[in-house]
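Visitor: To start, I am sharing the structure in question, which I have written as structure tokens.
What follows is calculated from the coordinates using simple rules that are stated; it is not laboratory data. What you are looking at is a predicted structure, and each value in this text was computed from that prediction instead of being measured. Cβ: placed from backbone, ideal geometry, glycine included. Neighbour counts: every protein chain shown.
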Amino acid sequence: MRIYFHSQATKPAPWIDALRSALPEAEVAEWSPGAPPADYAVVWHPPQQLLDEQPGLKALFNIGAGVDALMKLNLPAGLRVVRLDDAGMSVQMAEYVCHALIRHVREFDIFEHEAKQGRWGYRRPRARGDYPVGLMGLGVLGARVAQAVRQFEFPVNGWSRTPRPLEGVRCFAGRGQFDDFLSASRVLVCLLPLTPDTEGILDRRSLGRLMPGGYLINVARGAHLVEPDLLALLDEGHLAGATLDVLREEPPPPDHPFLRHPRITLTPHNSARTLREESIAQIAGKIRALGRGEPVAGVVDPVRGY
């Protein structure tokens, strides 16, 4: 069994060493053009050449939750694309969302600003019930975020393409219930996969349907957001602010208006990072399961794109 690793975003040696340790029966190497045929590939943003030269791959493992970059490539017919189910990302995502949510609702950003100006102020506490949190996407990550947010006693709404009931969450499904979901939410958290159907879904129409004083937290993909629409709604006062972990262009150019906007908080796409040990254990287990002819979780539907 031969396995190739390829990623331009991380050093290959630690991944290759870990794969060799987890799968001692396999030959593991970094992919290079012209390499002999392999059984599996573990990748992040691979070039089209890898797929063109490896038509016999049994499965392609993506070392991240988002597979939108892979879906843009010309994939060999019948190739199974397998994404990570969690690999330590869901708890990180829950931490990030709760931090952004509480920082906004408790107005810690304002206290921080006033302290730097030498001011010692008091603000009337806000009621959690006035800040229902709407989660767009109720998969593994969304379900974990919902569980965490509920611990702080915020009302939680959830929206997904198809019905996915979750305990303690008011669930909406499909385009027919999308507007009702938005209207019932003041804080909107985007956790959706990026597909042709979801690109630009955070636009003036959708964000404008949030309760007055709405707040956006985007931890999915920058292409979900129509950036000029966010700026317009902030300037008009319908939205109170936003925390964005992702942008359409990363890193943003020095003149990007989000960089200096007083009501936008930016982080460098680090809301949930892939944890190597957890990822390797999951990938190794799935490779062994496939070798036994067993089904595995996380196989991407090429029609839906996730």
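Visitor: How large is ³J(HN,Hα) for each residue in region 223-233, as worked out from phi by the Karplus curve 6.51 cos²θ - 1.76 cosθ + 1.60 (θ = phi - 60°), to whole Hz, x for Gly and Pro?
Guide: 6, 5, 9, 8, 4, x, 5, 4, 4, 5, 5
Visitor: Any idea what the relative contact order of the chain is, in percent, if you count C-alpha pairs under 8 Å spaced at least 6 apart?
Guide: Numbers: 527 pairs, mean separation 50.0, N = 306.
It comes to 16 percent, rounded to a whole number.
Visitor: Any chance you could give the angle, 0 to 90 degrees and rounded to 10, that helix 276-291 forms with the longest Cα principal axis of the chain?
Guide: 50 degrees
Visitor: Follow-up. HN-Hα J couplings of region 130-139 from phi, Karplus 6.51/-1.76/1.60, θ = phi - 60°, integer Hz, Gly and Pro as x?
Guide: So the J values, rounded to whole Hz, are 8, 10, x, 9, x, 9, 8, x, 10, x.
Visitor: What is the distance in Å between the Cα centres of region 50-67 and region 143-220?
Guide: The distance from the Cα centre of region 50-67 to that of region 143-220 comes to 31 Å.
Visitor: Under a point-charge model restricted to the Cβ atoms of Lys and Arg (+1) and Asp and Glu (-1), what is the dipole moment magnitude of region 89-266 relative to its Cα centre, in debye to the nearest 20?
Guide: Here the size comes out at about 540 debye.
Visitor: Convert each backbone phi in region 142-152 into a coupling constant with the Karplus relation 6.51 cos²θ - 1.76 cosθ + 1.60 (shift: θ = phi - 60°), then list the ³J(HN,Hα) values in order as whole Hz, x for Gly and Pro.
Guide: x, 5, 5, 5, 4, 4, 5, 5, 4, 4, 9
Visitor: Which cross-chain or sequence-distant (5 or more) residues have an amide H under 5 Å from the amide H of Gly134, H modelled 1.01 Å from N in plane?
Guide: Asn157, Arg186, Val187, Leu188, Val189
Visitor: Separate question: Check which residues have an amide H placed less than 5 Å from Val42's amide H, if you skip close sequence neighbours.
Guide: Result for Val42 returns Tyr4, Phe5, His6, Phe61.
Visitor: Reachable lysines from Lys11, Cα under 26 Å, same-chain residues fewer than 8 places away excluded?
Guide: Cross-link targets: Lys58, Lys72, Lys286.
Visitor: A follow-up question, please. Considering only Gly213, Gly134, Gly176, give the residue with the highest GNM mean-square fluctuation for the chain, with springs between Cα atoms whenever their separation is below 10 Å.
Guide: It is Gly176.
Visitor: If contacts are Cα pairs under 8 angstrom and at least 6 residues apart, what is the relative contact order of region 244-306 in percent?
Guide: 27 percent
Visitor: Roughly what would the spin-label model give for Glu236 and Asp180, points 7 Å off Cα along C-beta, in nm?
Guide: Each label point is offset 7 Å from its Cα along the Cβ direction, giving 2.5 nm.
Visitor: Follow-up. Under 5 Å between amide hydrogens, which residues at least 5 positions from Glu27 or on another chain qualify, with H placed 1.01 Å from N in the peptide plane?
Guide: Close amide H contacts, sequence-distant or interchain: Arg2, Ile3.
Visitor: Just Ala284, Ala13, Ala115 to compare: in a GNM of the chain, with alpha carbon springs under 10 Å, which one fluctuates most?
Guide: In this elastic network of the chain, the residue with the biggest mean-square fluctuation among Ala284, Ala13, Ala115 is Ala115.
Visitor: Could you tell me how far the Cα centroid of region 243-306 sits from the Cα centroid of region 71-134, in Å?
Guide: Here the answer is 15 Å between Cα centres.
Visitor: Right, something else. Sorted from fewest to most neighbouring beta carbons within 10 Å, what does the list Cys190, Cys98 look like? Don't jump to the answer; show the numbers that get you there.
Guide: Working: Cys190 24, Cys98 17.
By the 10 Å Cβ count, ascending: Cys98, Cys190.
Visitor: If you stretched the chain out fully between Glu250 and Gln49, how much longer would it get, using 0.36 nm times the residue separation minus the C-alpha to C-alpha distance?
Guide: Here the answer is 69.9 nm.
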